[in-house]
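Novice: Okay, handing you the structure first.
The values are calculated or read from the model by the stated rules, or taken from the named source; none is laboratory data. These figures come from a predicted structure and were not determined experimentally. Cβ sites come from the backbone with ideal geometry, for glycine too, and all protein chains shown count toward neighbours. In case anyone asks, the SASA skips ligands and DNA or RNA and just uses the protein heavy atoms, side chains included. Shrake-Rupley method; radii C 1.70, N 1.55, O 1.52, S 1.80 Å.
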Amino acid sequence: MNLPNKITLFRVLLVPVFVVLMLLDESAIPYRDIIACVVFCVACISDFFDGYLARKMNIVTNFGKFMDPLADKLLVCSALILFIELDRIPAWVVIIIIAREFIISGIRLIAAGEGKVIAANMLGKVKTNAQMFMAIFMILNIDNSVFRIITDVLMWASVILTVVSLVEYTYSNRKFFVS
C-alpha cells in the first residue's frame, strides 16, 4: 500500500462525509454547501495528487489503475445522485453519466478476465474533470444568472464528453468484446 494508493483510499473515505453533509438540513449546519464543497474539492484535488505521485515515484500499480477511476466514479456518481434528490440536475443527465460508467466498468471487467488492466485515458480524465467542476457549481448552488449559465454549460459539456469518451473508449477497446 503505497502513498498514491492511500490517497486514493482517502478519496473514497471522503465520499460518505460529503454525502452526509449534503443530506443534512441547512439549518442544522450553517454554510453546509460551502463545507460540503470544500470536502468535495479536497477529494477532487486528491485525484490529481495520487496520479501525479504514482508517476513521479514510478509506483504505478494495478490497484491504483483500478481504484483511482473507481474512486472518481464513486465521488462523482454520489454527487450526481444527491443533485437529483436536491432538485439541482435532471435525472436524464445522471442516467447518461452513470450508464457510461457501468459500460466502461463492464469493459474493464472483461479485460481483467483476460489479465489486462485498462487505465483511464486522457479523454476520460477530461470528462471526469468537467463533471467535477460541474459538481462544484451544483454544490454551491448560487442563485445568480451568470452562475446558472456556467453551471448549465458545465452540465452540457459533461454530457457531451461522457458520450464522446464512451464511444472512444469502446472503440479503442473493442478487442475485449468483439470476437
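Novice: Return only the number of the condition from (1) within 17 Å of Glu101 (Cβ to Cβ); (2) assigned to a helix (DSSP H, G or I) that Ile89 does not satisfy.
Specialist: (2)
For (1) closer than 24 Å to Ile81 by Cα; (2) in contact (Cβ under 8 Å) with a residue 12 or more places away in the chain; (3) open to solvent by 20 Å² or more (accessible area, probe 1.4 Å), each residue gets a yes or a no:
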{"site": "Thr151", "(1), (2), (3)": "yes, yes, no"}
{"site": "Trp156", "(1), (2), (3)": "yes, no, yes"}
{"site": "Val159", "(1), (2), (3)": "yes, yes, no"}
{"site": "Asn173", "(1), (2), (3)": "no, yes, no"}
{"site": "Val178", "(1), (2), (3)": "no, no, yes"}
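Novice: Just one of the numbered conditions (1) crowded, with 16+ Cβ neighbours inside 10 Å; (2) of a type outside the set (Asp, Glu); (3) touching a residue at least 12 places away in the same chain (Cβ under 8 Å) is not true of Val117; which one?
Specialist: Exception for Val117: condition (1).
Novice: Within the stretch 18-34, take every residue that is open to solvent by less than 70 Å² (accessible area, probe 1.4 Å) and β-branched (Val, Ile, Thr) and give me the one that is nearest to Ile136 (Cα to Cα).
Specialist: By that ranking, first place goes to Val19.
Novice: Also, quick follow-up: I'm checking my understanding of the structure. Among residues of the stretch 128-149 that are open to solvent by 30 Å² or more (accessible area, probe 1.4 Å) and under 21 Å from Val163 (Cβ atoms), which one is modelled with the lowest pLDDT?
Specialist: Asn129
Novice: Moving on to the next point. Are there any pairs with C-beta distances below 6 angstrom linking a residue in the stretch 51-75 that is in a helix (DSSP H, G or I) to a residue that is crowded, with 19+ Cβ neighbours inside 10 Å and of a type in the set (S, T, N, Q), with the two at least 6 apart or on different chains, and if so which?
Specialist: What qualifies is Met67/Thr8; Asp68/Thr8; Ala71/Thr8; Asp72/Thr128.
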